[in-house]
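Take a look at the structure below.
Read-outs throughout are calculated quantities, based only on the coordinates presented, and are distinct from any laboratory measurement. Here the structure is a predicted model, which means the values were calculated and not measured. Ideal geometry is used to build each Cβ from the backbone, glycine not excepted, and the neighbour counts take in all protein chains shown.
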Amino acid sequence: MHENVEIIEVSPRDGLQNEPEIISTANKIALINSALDLGIKRIEVASFVNPKRVPQMANAEDVISGLDFARAATYIGLVLNGRGAERALQTKVHELGAVACASDGFAMRNQGQTSIESAHIAANIVKMAQSAGRTGQVTISTAFGCPFDGPTDPAHVVEIVKILAAAKPREIALADTIGVAVPAQVSALIEMVKPHLGDIPLRAHFHNTRNTGIANAWAAYSSGVRILDSSLGGLGGCPFAPKATGNIPTEDLAYMLFKSGVDIGLDMEKLVETGLWLEGIMGKKLPAMLPHAGMY
Ligand code: ZN
């Protein structure tokens, strides 16, 4: 028997943040509500970053105040520093998602920190969330490779995991921010970090830049990961990572898992419709393939 997998929808944040056309607050709220209608239970709704650096996320507070907090959903706000955490905690967002960087080049260029410093800052954000009665989790970006430093040393990822695990986050995610990983590498890194997690669950986050994202998700699943990030339509990119393309599409990830007998709790027919609806909102064809091919 296959176990359940929790899919975390990241399109309203990771998906949209690289889109040049500013998406209205109303459309962002519609996207979040559509994802919940599919059966999504946890969703990244916004990021509390400097609006000068990521203009698409400037309306984070407006989006969150427009959400239905009566729904059985966990709304996640992404934060990169203490200031962002303070902003997020002024809203009703349930969970803070912090980011630690596995490579010095990425951390230095984007945050002016070393990777180890970024891990301590992320651990502190988790503690801020916990003190405020919210949950906090951490994503380790560039866990497989960095656009500036090249391949990431897995031993260094383990060092980052140890710092983060001490703060007892809800979970720790390994992120292939620029989509360079392949399945063998995913399995190998997961096996290396597992002994240092204690009872903290592992999540995985893949971008499909080189079309290995879905295969990587299956590798993570096969290595025991039961929480996966994906984005409706395969929207996405990273404003700080040159050439990175979208997240793995929720539609295609769901198809692979559903057809493999994994319970993901999503409405597959509605998923196809929502994927097509999102293309209408974005005014272009998106990378997800299931909405065009249909269910089988
Ligand atoms: Zn990402």
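Go through the residues of region 18-35 one by one and say whether even a single one is of a type outside the set (S, T, N, Q), within 16 Å of the ligand (Cβ to nearest atom) and in contact with a strand residue (DSSP E or B) (Cβ under 8 Å, 6 or more places away or on another chain). No: region 18-35 contains no residue that is of a type outside the set (S, T, N, Q), within 16 Å of the ligand (Cβ to nearest atom) and in contact with a strand residue (DSSP E or B) (Cβ under 8 Å, 6 or more places away or on another chain). Meeting the requirement of 3 or more residues that are touching a helix residue (DSSP H, G or I) at 6+ places or on another chain (Cβ under 6 Å), in contact (Cβ under 8 Å) with a residue 60 or more places away in the chain and within 24 Å of Val126 (Cα to Cα), the helices (runs of 4 or more DSSP H) wholly within region 154-261 are 154-165. So is Ala181 within 16 Å of the ligand (Cβ to nearest atom), among the small types (Gly, Ala, Ser) and either crowded, with 17+ Cβ neighbours inside 10 Å or closer than 25 Å to Glu86 by Cβ (or both) or not? Yes; evaluated as a whole, the condition is true for this residue.
For region 127-153, taking the residues that are in a loop (DSSP other than H, G, I, E, B) and surrounded by 24 or more Cβ atoms within 10 Å (Cβ to Cβ), the one that is farthest from the ligand (Cβ to nearest atom) is identified as Thr152.
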